[in-house]
Amino acid sequence: MRLRARNEIRIHCEQDCPVAAMLRARSGTRQWVVAERYDIAPWVPASEYVDAFGNLCQRFTLPRGDSTICVEAEVEVADQIDVDRRAAQVPPAQLPDETLVYLLQSRYCPSDKMEERARAIVSGSAPGYPQAERICQWIRENLSYRHGVSEESTCALDTLEQGAGVCRDFAHVGVALSRSLLLPARVVVGYLHGLEPMDMHAWYEVFLGGRWYAFDATQDEPRGGRIVVANGRDIADVAFLSNYGPLEIVAMDVRVTEA
(Lines give C-alpha, C1' and ligand atoms only; values in the text may rest on other atoms or scores of the structure.)
Protein backbone atom coordinates (compact mmCIF):
# COMPACT_ATOMS: atom_id res chain seq x y z
CA MET A 1 0.00 0.00 0.00
CA ARG A 2 1.09 3.58 -0.55
CA LEU A 3 0.81 6.04 2.33
CA ARG A 4 1.14 9.79 2.60
CA ALA A 5 2.49 11.04 5.92
CA ARG A 6 2.63 14.66 6.99
CA ASN A 7 4.16 15.96 10.21
CA GLU A 8 4.07 19.67 11.00
CA ILE A 9 5.86 20.79 14.16
CA ARG A 10 5.59 24.34 15.49
CA ILE A 11 8.47 25.35 17.76
CA HIS A 12 9.39 28.34 19.90
CA CYS A 13 12.98 29.10 20.95
CA GLU A 14 14.08 31.73 23.45
CA GLN A 15 17.45 31.86 21.68
CA ASP A 16 19.14 30.25 18.70
CA CYS A 17 18.97 26.49 19.31
CA PRO A 18 21.02 23.74 17.60
CA VAL A 19 18.86 20.71 16.74
CA ALA A 20 19.39 17.17 15.48
CA ALA A 21 16.22 15.70 13.97
CA MET A 22 15.07 12.26 12.82
CA LEU A 23 12.10 13.00 10.58
CA ARG A 24 12.97 11.37 7.23
CA ALA A 25 12.05 7.81 6.33
CA ARG A 26 14.71 5.81 4.52
CA SER A 27 14.14 3.51 1.55
CA GLY A 28 15.00 -0.15 2.01
CA THR A 29 13.83 -3.68 1.31
CA ARG A 30 10.57 -3.23 3.27
CA GLN A 31 9.61 0.34 2.31
CA TRP A 32 10.32 2.74 -0.53
CA VAL A 33 10.15 6.53 -0.35
CA VAL A 34 8.44 7.59 -3.56
CA ALA A 35 8.34 11.35 -2.91
CA GLU A 36 9.33 13.68 -0.11
CA ARG A 37 9.29 17.31 1.04
CA TYR A 38 11.19 18.76 4.01
CA ASP A 39 10.67 22.42 4.84
CA ILE A 40 11.95 24.61 7.67
CA ALA A 41 10.41 28.07 8.08
CA PRO A 42 12.10 30.45 8.39
CA TRP A 43 14.63 28.61 6.26
CA VAL A 44 18.02 27.84 7.83
CA PRO A 45 21.03 25.96 6.43
CA ALA A 46 20.89 22.24 7.19
CA SER A 47 23.06 19.16 6.78
CA GLU A 48 22.37 15.43 7.00
CA TYR A 49 24.21 12.36 8.21
CA VAL A 50 23.55 8.66 8.89
CA ASP A 51 23.93 7.63 12.53
CA ALA A 52 25.34 4.39 13.94
CA PHE A 53 21.95 2.66 13.59
CA GLY A 54 21.41 3.61 9.94
CA ASN A 55 18.94 6.43 10.59
CA LEU A 56 18.82 9.62 8.51
CA CYS A 57 19.51 12.60 10.79
CA GLN A 58 19.26 16.31 9.98
CA ARG A 59 21.25 19.09 11.70
CA PHE A 60 20.32 22.77 11.76
CA THR A 61 20.04 25.71 14.16
CA LEU A 62 16.58 27.13 14.72
CA PRO A 63 16.53 30.92 15.19
CA ARG A 64 15.15 32.73 18.20
CA GLY A 65 11.37 33.01 18.02
CA ASP A 66 8.86 30.81 16.19
CA SER A 67 9.72 28.17 13.61
CA THR A 68 7.87 25.45 11.73
CA ILE A 69 9.24 22.13 10.49
CA CYS A 70 7.03 20.37 7.96
CA VAL A 71 7.91 16.94 6.57
CA GLU A 72 5.78 15.16 3.97
CA ALA A 73 6.47 11.75 2.43
CA GLU A 74 4.77 9.31 0.11
CA VAL A 75 5.98 5.81 0.94
CA GLU A 76 5.23 2.35 -0.43
CA VAL A 77 4.86 -0.05 2.53
CA ALA A 78 3.61 -3.56 3.24
CA ASP A 79 -0.13 -4.08 3.69
CA GLN A 80 0.59 -6.57 6.49
CA ILE A 81 3.57 -7.16 8.74
CA ASP A 82 5.21 -10.56 8.27
CA VAL A 83 4.36 -13.35 10.71
CA ASP A 84 6.36 -16.59 10.73
CA ARG A 85 5.82 -18.82 13.75
CA ARG A 86 8.53 -21.16 12.42
CA ALA A 87 11.23 -18.46 12.59
CA ALA A 88 13.89 -19.82 14.91
CA GLN A 89 16.03 -18.14 17.51
CA VAL A 90 19.49 -17.47 16.08
CA PRO A 91 22.25 -18.73 18.44
CA PRO A 92 24.44 -15.84 19.66
CA ALA A 93 27.53 -17.26 17.94
CA GLN A 94 25.71 -17.07 14.58
CA LEU A 95 24.18 -13.60 14.94
CA PRO A 96 25.32 -10.94 12.45
CA ASP A 97 27.77 -8.48 14.02
CA GLU A 98 25.37 -5.54 13.72
CA THR A 99 22.70 -7.27 15.84
CA LEU A 100 24.88 -7.86 18.91
CA VAL A 101 24.31 -4.32 20.25
CA TYR A 102 20.61 -5.18 20.48
CA LEU A 103 21.35 -7.89 23.04
CA LEU A 104 22.79 -5.40 25.54
CA GLN A 105 20.86 -3.71 28.31
CA SER A 106 20.27 0.00 27.69
CA ARG A 107 19.00 3.01 29.62
CA TYR A 108 15.29 2.26 29.23
CA CYS A 109 15.59 -1.50 28.70
CA PRO A 110 17.38 -3.07 31.72
CA SER A 111 17.18 -6.57 30.28
CA ASP A 112 19.85 -7.86 32.67
CA LYS A 113 17.25 -7.59 35.47
CA MET A 114 14.33 -9.22 33.66
CA GLU A 115 15.31 -12.78 32.71
CA GLU A 116 13.36 -14.48 35.48
CA ARG A 117 10.17 -12.65 34.58
CA ALA A 118 10.69 -13.30 30.86
CA ARG A 119 11.15 -17.05 31.36
CA ALA A 120 7.97 -17.19 33.40
CA ILE A 121 6.07 -15.37 30.66
CA VAL A 122 7.26 -17.63 27.81
CA SER A 123 6.98 -20.89 29.78
CA GLY A 124 5.65 -23.54 27.40
CA SER A 125 6.43 -21.52 24.26
CA ALA A 126 8.96 -22.80 21.75
CA PRO A 127 12.17 -20.76 21.34
CA GLY A 128 12.09 -18.20 18.54
CA TYR A 129 9.01 -16.53 17.12
CA PRO A 130 6.54 -18.25 19.50
CA GLN A 131 8.41 -16.80 22.50
CA ALA A 132 8.54 -13.32 20.97
CA GLU A 133 4.85 -13.52 20.11
CA ARG A 134 4.00 -14.64 23.64
CA ILE A 135 5.87 -11.67 25.12
CA CYS A 136 3.89 -9.29 22.91
CA GLN A 137 0.62 -10.98 23.87
CA TRP A 138 1.48 -10.83 27.57
CA ILE A 139 2.17 -7.09 27.40
CA ARG A 140 -1.14 -6.48 25.65
CA GLU A 141 -3.03 -8.55 28.24
CA ASN A 142 -1.32 -7.25 31.38
CA LEU A 143 -0.51 -3.58 30.75
CA SER A 144 -3.05 -0.81 30.29
CA TYR A 145 -2.56 1.84 27.62
CA ARG A 146 -2.79 5.07 29.57
CA HIS A 147 -1.39 8.57 29.16
CA GLY A 148 0.12 10.47 32.06
CA VAL A 149 1.59 7.55 34.00
CA SER A 150 5.08 7.67 32.43
CA GLU A 151 7.67 10.36 31.86
CA GLU A 152 11.01 10.74 30.10
CA SER A 153 12.88 8.78 32.78
CA THR A 154 10.46 5.79 32.84
CA CYS A 155 12.17 2.48 32.03
CA ALA A 156 10.71 -0.95 31.33
CA LEU A 157 10.88 -1.97 35.00
CA ASP A 158 8.97 1.17 35.99
CA THR A 159 6.27 0.37 33.43
CA LEU A 160 5.90 -3.16 34.74
CA GLU A 161 5.52 -1.82 38.27
CA GLN A 162 2.96 0.79 37.21
CA GLY A 163 1.07 -1.66 35.01
CA ALA A 164 0.42 1.00 32.38
CA GLY A 165 2.07 3.25 29.82
CA VAL A 166 1.99 4.41 26.23
CA CYS A 167 3.42 2.98 23.02
CA ARG A 168 7.05 3.71 23.80
CA ASP A 169 6.68 2.10 27.25
CA PHE A 170 5.13 -1.03 25.73
CA ALA A 171 8.01 -1.16 23.25
CA HIS A 172 10.62 -0.86 26.00
CA VAL A 173 9.05 -3.75 27.92
CA GLY A 174 8.96 -5.92 24.79
CA VAL A 175 12.57 -5.13 23.94
CA ALA A 176 13.87 -5.73 27.46
CA LEU A 177 12.04 -9.04 27.90
CA SER A 178 13.20 -10.26 24.48
CA ARG A 179 16.85 -9.34 25.09
CA SER A 180 16.82 -11.14 28.42
CA LEU A 181 16.16 -14.35 26.42
CA LEU A 182 19.04 -13.55 24.02
CA LEU A 183 16.66 -12.40 21.28
CA PRO A 184 18.07 -9.21 19.69
CA ALA A 185 15.41 -6.51 19.88
CA ARG A 186 15.20 -2.83 18.94
CA VAL A 187 12.76 0.06 19.30
CA VAL A 188 11.21 1.47 16.11
CA VAL A 189 9.48 4.83 15.64
CA GLY A 190 7.43 6.01 12.69
CA TYR A 191 3.82 6.18 11.55
CA LEU A 192 0.95 3.68 11.68
CA HIS A 193 -1.94 4.11 9.27
CA GLY A 194 -5.26 4.20 11.13
CA LEU A 195 -3.76 5.00 14.53
CA GLU A 196 -6.22 6.81 16.81
CA PRO A 197 -5.50 9.44 17.90
CA MET A 198 -2.95 10.03 15.14
CA ASP A 199 0.59 10.74 16.31
CA MET A 200 4.09 9.42 15.82
CA HIS A 201 4.13 5.82 17.01
CA ALA A 202 6.59 3.38 18.60
CA TRP A 203 6.79 -0.41 18.36
CA TYR A 204 9.64 -2.91 18.37
CA GLU A 205 11.35 -5.55 16.24
CA VAL A 206 12.95 -8.89 17.16
CA PHE A 207 15.67 -10.59 15.10
CA LEU A 208 14.57 -14.15 14.31
CA GLY A 209 15.46 -16.62 11.60
CA GLY A 210 17.97 -14.23 10.03
CA ARG A 211 15.72 -11.11 9.77
CA TRP A 212 13.75 -8.56 11.80
CA TYR A 213 10.06 -9.08 12.67
CA ALA A 214 7.77 -6.30 13.92
CA PHE A 215 5.73 -6.57 17.14
CA ASP A 216 3.28 -3.99 18.47
CA ALA A 217 1.64 -4.72 21.82
CA THR A 218 -0.69 -1.72 21.48
CA GLN A 219 -2.58 -3.47 18.66
CA ASP A 220 -5.01 -6.39 18.93
CA GLU A 221 -3.49 -8.13 15.90
CA PRO A 222 -0.52 -7.74 13.53
CA ARG A 223 -1.10 -4.66 11.38
CA GLY A 224 0.76 -3.35 8.37
CA GLY A 225 0.62 0.17 7.01
CA ARG A 226 3.76 1.26 8.88
CA ILE A 227 6.30 3.86 7.84
CA VAL A 228 9.59 3.34 9.67
CA VAL A 229 11.48 6.55 10.44
CA ALA A 230 14.18 5.31 12.84
CA ASN A 231 15.29 2.41 15.02
CA GLY A 232 17.66 2.07 17.95
CA ARG A 233 18.41 0.45 21.31
CA ASP A 234 15.62 2.40 23.01
CA ILE A 235 13.76 5.68 22.70
CA ALA A 236 16.90 7.70 23.54
CA ASP A 237 18.39 6.66 20.18
CA VAL A 238 15.34 7.62 18.13
CA ALA A 239 14.16 11.00 19.47
CA PHE A 240 12.54 12.88 16.57
CA LEU A 241 14.06 16.12 17.91
CA SER A 242 17.20 16.45 20.07
CA ASN A 243 17.71 20.06 21.09
CA TYR A 244 20.90 21.53 22.51
CA GLY A 245 19.34 24.57 24.12
CA PRO A 246 15.93 25.80 25.33
CA LEU A 247 13.16 24.71 22.94
CA GLU A 248 9.38 24.39 23.26
CA ILE A 249 7.22 22.29 20.94
CA VAL A 250 4.09 24.44 20.66
CA ALA A 251 2.08 21.99 18.54
CA MET A 252 2.52 18.89 16.39
CA ASP A 253 0.07 17.85 13.69
CA VAL A 254 0.51 14.32 12.28
CA ARG A 255 -1.58 12.95 9.42
CA VAL A 256 -1.31 9.61 7.64
CA THR A 257 -3.59 8.80 4.71
CA GLU A 258 -3.70 6.13 2.03
CA ALA A 259 -2.60 7.41 -1.38
What are the residues in the range 77-99 that are surrounded by 13 or more Cβ atoms within 10 Å (Cβ to Cβ) and not in a loop (DSSP other than H, G, I, E, B), if any? 77, 99
In the range 178-196, how many residues are farther than 11 Å from residue 111 by Cβ and basic (Lys, Arg)? 1
Being surrounded by 14 or more Cβ atoms within 10 Å (Cβ to Cβ), modelled with pLDDT under 95 and either among the polar types (S, T, N, Q) or not in a helix (DSSP H, G or I) (or both) is true for just one of 150, 67. Which residue is that? 150
Screening 160, 182 for residues that are within 19 Å of residue 117 (Cβ to Cβ), more than 16 Å from the chain's Cα centre (by Cα) and in a loop (DSSP other than H, G, I, E, B) leaves only 182
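Quickly run through the range 47-106 and pick out the residues that are among the acidic types (Asp, Glu) and out of contact with any helix residue (DSSP H, G or I) (no Cβ under 7 Å at 6 or more places or on another chain). Reasoning before the result, please.
From the range 47-106, those among the acidic types (Asp, Glu) are 48, 51, 66, 72, 74, 76, 79, 82, 84, 97-98; that's our starting set.
Across the range 47-106, the qualifying residues are 48, 51, 66, 72, 74, 76, 79, 82, 97, 98.
Does the range 203-237 hold any residues that are of a type in the set (Gly, Ala, Ser), more than 23 Å from residue 151 (Cα to Cα) and not in a loop (DSSP other than H, G, I, E, B), and which are they?
214
Give the residue that is nearest to residue 194 (Cα to Cα), with candidates limited to residues of the range 28-56 that are assigned to a strand (DSSP E or B) and of a type in the set (Ser, Thr, Tyr). Reasoning before the result, please.
To start, the set of residues in the range 28-56 that are assigned to a strand (DSSP E or B) comprises 31-41, 46-50, 56.
Among the residues that remain, those that are also of a type in the set (Ser, Thr, Tyr) are: 38, 47, 49.
Values: 38: 23, 47: 32, 49: 31 Å.
Filtering first and then ranking leaves 38.
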Quick check: is even one residue across the range 175-192 under 29 Å from residue 77 (Cβ atoms) and surrounded by fewer than 14 Cβ atoms within 10 Å (Cβ to Cβ)? no
Conditions (1) touching a residue at least 60 places away in the same chain (Cβ under 8 Å); (2) surrounded by 13 or more Cβ atoms within 10 Å (Cβ to Cβ) -> residue 15 fails only (2)
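Quick one: would you say residue 211 is of a type in the set (Lys, Arg), surrounded by fewer than 23 Cβ atoms within 10 Å (Cβ to Cβ), at pLDDT 95 or above and within 30 Å of residue 94 (Cβ to Cβ)? Spell out how you get there, then give the answer.
Numbers: of a type in the set (Lys, Arg): yes; surrounded by fewer than 23 Cβ atoms within 10 Å (Cβ to Cβ): yes; at pLDDT 95 or above: yes; within 30 Å of residue 94 (Cβ to Cβ): yes.
Spelling it out, residue 211 is indeed of a type in the set (Lys, Arg), surrounded by fewer than 23 Cβ atoms within 10 Å (Cβ to Cβ), at pLDDT 95 or above and within 30 Å of residue 94 (Cβ to Cβ).
Does residue 25 satisfy the criteria of being in a loop (DSSP other than H, G, I, E, B), of a type in the set (Gly, Ala, Ser) and in contact with a helix residue (DSSP H, G or I) (Cβ under 6 Å, 6 or more places away or on another chain)?
Working: in a loop (DSSP other than H, G, I, E, B): yes; of a type in the set (Gly, Ala, Ser): yes; in contact with a helix residue (DSSP H, G or I) (Cβ under 6 Å, 6 or more places away or on another chain): no.
Answer is no for this residue.
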Could you go through the range 36-54 and let me know if any residue there is among the β-branched types (Val, Ile, Thr) and surrounded by 15 or more Cβ atoms within 10 Å (Cβ to Cβ). yes
Report, by residue number, each residue of the range 87-131 that is free of Cβ contacts under 8 Å to residues at least 24 places away in the same chain and of a type in the set (A, V, I, L, M, F, W, C). 93, 120, 126
Residues in the range 81-98 that are in the same structural domain as residue 128 (by TED's automatic domain parsing) and within 19 Å of the chain's Cα centre (by Cα): how many? 1
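The values are calculated or read from the model by the stated rules, or taken from the named source; none is laboratory data. Owing to the predicted nature of the structure, the values given are computational and were not obtained by experimental measurement. A quick note on method: Cβ atoms are made from the backbone with ideal geometry, for glycine too, and the neighbour counts reach across all protein chains shown.
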